[in-house]
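Worksheet: the structure to be examined is printed underneath.
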Amino acid sequence: MLSAACLIVAGLVPPSPTAAATPRAVAQRPTEREARAVWLGLDSPALQSQASIAEAMDNLAAWGFNTVFVQVLDGSKTLYPSPVLAAETGRAVDARFEQRD
């Protein structure tokens, strides 16, 4: 019995199926910085002009957010001019956002 335990500890013999199925704790390194994120959809008033975008970014930073996810595609149209999307789908930038780039 002792020799079997030594082989298991040495990794030469797999442990019993019950032991193998038991999840082990994984050591995790602490992150240097936490992500505090917000999602802005196309219908957000924050995306309606360059001034509102700048104001939203200033406010989010003041409130402690450090990550912003912006929806850039809706209804097969992008928020920004995209030659790739136009070539693939024949659709250009969403008309609401044409002059904002």
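Residues whose amide H lies under 5 Å from that of residue 40, counting only those 5 or more places away or on a different chain, are 69, 70, 71; hydrogens are built 1.01 Å from N in the peptide plane.
Rounded to the nearest whole Hz, the Karplus-based 3J(HN,Hα) values (6.51 cos²θ - 1.76 cosθ + 1.60, θ = phi - 60°) of segment 56-63 follow the sequence 4, 5, 4, 5, 4, 5, 5, 7, with x at glycine and proline.
Read-outs throughout are calculated quantities, based only on the coordinates presented, and are distinct from any laboratory measurement. Note that this is a predicted model, so its numbers are computed, not measured.
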